[in-house]
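A.B. asks: One structure is given below, represented as structure tokens, and several questions about it will come after.
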Amino acid sequence: MVQQLTSGERQNALVILLCVFVAGVIMAALGGSDPLGMHGVIILLFSAGLGALVSRSFYEPEPDPQRLSQYYDDPIKVGIALTLAWGVFGMFMGVWTAAQLAWPDLAFDAGWSSFGRLRPTHTTGVIFGFGGNALIATSFHVVQRTSRARLAGQVSPWFVLLGYNLFCILAVTGYFMGVTQSKEYAEPEWYADLWLVVVWVTFFVLYLRTLARRKEPHIYVANWYFMAFIVVVAILHIVNNLAIPVSFTQAKSYTIWAGVQDAMVQWWYGHNAVAFFLTAGFLGMLYYYLPVRAQRPIFSYRLSILSFWGITFFYMWAGSHHLHYTALPHWVQNLGMTFSVMLLVPSWASAGNALLTLNGAWHKVRDDATLRFIMVAVVFYGLSTFEGSFMAIRPVNALSHYTDWTVGHVHAGALGWVAFITFGSIYTLVPSLWKRERMYSSALVEVHFWLAVTGTLIYVFAMWNSGIIQGLMWRTYTEEGTLAYSFLDSLVAMYPYYIGRAFGGLLFLLGAIVAAFNVWMTVRAVPVAAVRQADVPDTGLAPGAAATPAE
Amino acid sequence: MDIDHNTLVGFAKSWGLFYLIALFIGVVIYTFWPSNRKRFDDAKRTILDEDDRPWR
């Protein structure tokens, strides 16, 4: 990896790492026993570890200049590995927290392992760790292939990938210590937020510069979705995290927003994190890996453009549906509700476009578990966008809000859509990235597929049942006009569903472990010599380069 | 003029509508502009090309 950098680039990498190291030392010194000090230590260890890695190869010979006429895949490979590692971690934390809800003793009476601290390690682990790394890795892959251009930088892709992972590590370790801004999906404190801004702006510039190098006249639509993801996440992150630290020696900060404005900004952020992090970026994956895997062009390119603009401009206004029946002005609630319902049109346009692409190739879907992952992802995308529009309607929300129905809806999207499209993309990407003919074991892909489908269905059905029962119990009145059930009654009614949910999540986690094993064995075990396809160029891995067309 | 809650509501309710309609018209024109057809058709097919090297 380091060998692919010139000595000048190795120097730059070391200078950047040194700056990060110094920042870590300053934080550790100023913070002392505050969590800020602990995070300083983590930052200095992180940068020292990477610095050692760079220094070890510092005096190795200069890389082959030929590498510049190939795509830059090293950061993507590391990104895939990090995706799977975070996936297994985040899903494990999910199973643990789910089990805590059924068996509270699993918190073991410790502060760091209480539900309130573990829950954000699950959400951050899967959304930002698993999803974010998958988005960075696949966006680097898609932008290069669809632009026919190498990434516009040697050090910056590493800065983006590893800097982002440092953010995730700070976030998750912070939760264990009790660090939180108390904003859902935006829990990390001010210093981690500032660091993410630097990383994200670098990501944005790198992406734009790579697009500017493109040899194709038109920017393929998948890149539009990735661009929307990068731009909007930057805006959301900055606005929602505007905060004033208590002091520069403490982790704690207070948001500059107050009252209902704070709630509105938070859910404008929260819902658009769903829209642009968990939807737009993954639609970018869909629009590239689905046609490539199915070997069929997208059904309608024009429809993909129309749905792109629909999704980007409708989603922006939907956030207020999280605040029905609150102090938020009624017309703002109506606005969010209306836009949420309208969103069904571009969402189903994307889902329909994807399914019609597969129309006529159903035999491939039957035979190829990877393509089936993508197909199921599309079906769940269609289902959960319908469900989301429906739940955003105020009277429906009166029943569903604060219940497990919301949790079921989120997981229909996060497991069924996000994770399925990610695994489908990974199984498409890994063999081509490592120049292997196929995955190590297609039987294990099949096993993963069925574990994931079963797990998702058990999970979602458990939460639908539990959510609707909860919602109904909380609004049932006796003839005297008092509530028929106490909160504890509803809790007892949840018990079997919580066990079912933990079991469904466990199956999904097992599937992710199978995937990680399969990818590992693909990288390690299948002999490189098995590949001799004329369309695969030499990357230095395979001795004896094959012919390369289109030069 | 005082900028109060009602001013902002009025602005959002009128200009918000106009800019979304303008955006819609713009997008539809771009999507169905006849000379863009070839560009779009090429884009959706060329990603399936098998070569795996940047172009020079």
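Laboratory data are not the source of any read-out in this text; all were calculated from the coordinates shown. Model, not experiment: these values are computed from the prediction. Heads up, the Cβs are rebuilt from the backbone with ideal geometry, glycines too, and the neighbour counts pull from every protein chain shown.
A.B. asks: Taking a ≥ b ≥ c as the square roots of the eigenvalues of the Cα gyration tensor of region A:1-60, is the shape rounded (a/c under 1.5), prolate (a/b larger than b/c) or oblate?
C.D. replies: prolate
A.B. asks: Which angle from 0 to 90°, rounded to the nearest 10, does the C-alpha axis of helix B:5-32 make with the longest principal axis of chain B?
C.D. replies: 20
A.B. asks: Now for a separate question. Select from A:TRP405, A:ALA493, A:TRP190 the residue farthest towards the positive end of the dipole of region A:69-530; place +1 on Cβ of Lys and Arg, -1 on Cβ of Asp and Glu, and compute about the Cα centre.
C.D. replies: Projecting each Cα onto the dipole axis, the largest value belongs to A:TRP190.
A.B. asks: If I take every Cα pair under 8 Å that is 6 or more residues apart in chain A, average their sequence separation and divide by the length, what percent do I get for the relative contact order?
C.D. replies: Reported relative contact order: 12 percent.
A.B. asks: For A:VAL246 and A:ALA52, compute 0.36 nm times the residue count separating them, minus their Cα-Cα distance, and round to one decimal in nm.
C.D. replies: Result for the pair: 66.4 nm of gain on full extension.
A.B. asks: How big is the equivalent ellipsoid of chain B along its three axes, where each semi-axis is √(5λ) from the Cα gyration tensor, reported in whole Å from largest to smallest? Walk me through the numbers before you get to the answer.
C.D. replies: On the way: eigenvalues 390, 49, 12 Å².
Here the semi-axes work out to 44, 16, 8 Å.
A.B. asks: In addition: Among A:VAL265, A:ALA29, A:PHE176, pick out the residue whose Cα is farthest towards the positive end of the charge dipole of the protein assembly as shown, where Lys and Arg carry +1 and Asp and Glu carry -1 on C-beta, about the Cα centre.
C.D. replies: Going by the charge dipole, the pick is A:VAL265.
A.B. asks: Rounded, prolate or oblate: which one fits region A:69-530, using the alpha carbon gyration tensor with axes a ≥ b ≥ c (rounded when a/c is under 1.5, else prolate when a/b beats b/c, else oblate)? Walk me through the intermediate numbers first.
C.D. replies: Details: a/c = 1.44, a/b = 1.34, b/c = 1.08.
Rounded, since a/c falls under 1.5.
A.B. asks: Using only Cα atoms, tell me the angle between helix B:36-46 and the longest principal axis of chain B; keep it within 0 to 90° and round to the nearest 10.
C.D. replies: 50
A.B. asks: A:VAL379 to A:MET177: FRET efficiency via 1/(1 + (r/R0)^6), r the Cβ-Cβ distance, R0 41 Å, to the nearest 0.05?
C.D. replies: Details: r = 40 Å, r/R0 = 0.99.
Calculated value: 0.50.
A.B. asks: Write down Rg/Rh for region A:409-455, rounded to two decimals, with Rg from the C-alpha atoms and Rh from the Kirkwood relation over Cα pairs.
C.D. replies: Checking Rg against Rh, the ratio lands at 1.05.
A.B. asks: Another question about this same structure. Let me know the shape class of region A:247-386, please: from the alpha-carbon gyration tensor, a ≥ b ≥ c as square roots of the eigenvalues, rounded when a/c is under 1.5, otherwise prolate if a/b is greater than b/c, or oblate.
C.D. replies: Prolate, because a/c is 1.5 or more and a/b exceeds b/c.
A.B. asks: If we restrict to alpha carbons, what Rg and Dmax does region A:35-165 come to, in Å?
C.D. replies: 19.0, 59
A.B. asks: Separation of region A:284-307 and region A:120-145 by C-alpha centroid, Å?
C.D. replies: 20
A.B. asks: Remind me, relative contact order of region A:1-60 in percent, using alpha carbon pairs under 8 angstrom and six or more residues apart?
C.D. replies: 41
A.B. asks: For A:ALA243, list long-range residues whose amide hydrogen, built 1.01 Å from N in the peptide plane, is under 5 Å from its own amide hydrogen.
C.D. replies: A:ILE256
A.B. asks: Another one. I want to make sure I understand the PRE zone here: with the label point 7 angstrom from the Cα of A:LEU68 toward its beta carbon, which residues in region B:38-56 have backbone N atoms less than 18 Å away?
C.D. replies: B:53-56
A.B. asks: Can you list which of the chymotrypsin sites (Phe, Trp or Tyr not before Pro) found in region A:375-447 are DSSP loop residues with at most 16 other C-beta atoms within 10 Å? Please list the in-between numbers first.
C.D. replies: Details: sites: A:PHE380, A:TYR381, A:PHE386, A:PHE390, A:TYR402, A:TRP405, A:TRP417, A:PHE420, A:PHE423, A:TYR427, A:TRP434, A:TYR440; in loops: A:TYR402, A:TRP434, A:TYR440.
Here the sparse-neighbourhood loop sites are A:TYR402.
A.B. asks: Using label points projected 7 Å from each Cα along Cα→Cβ, tell me how many nm separate B:TYR30 and A:GLN11, to one decimal.
C.D. replies: Reported label-point gap for B:TYR30 and A:GLN11 is 4.3 nm.
A.B. asks: So how strong a dipole does the protein assembly as shown carry about its Cα centre when Lys and Arg Cβ are +1 and Asp and Glu Cβ are -1, to the nearest 20 debye?
C.D. replies: 1540
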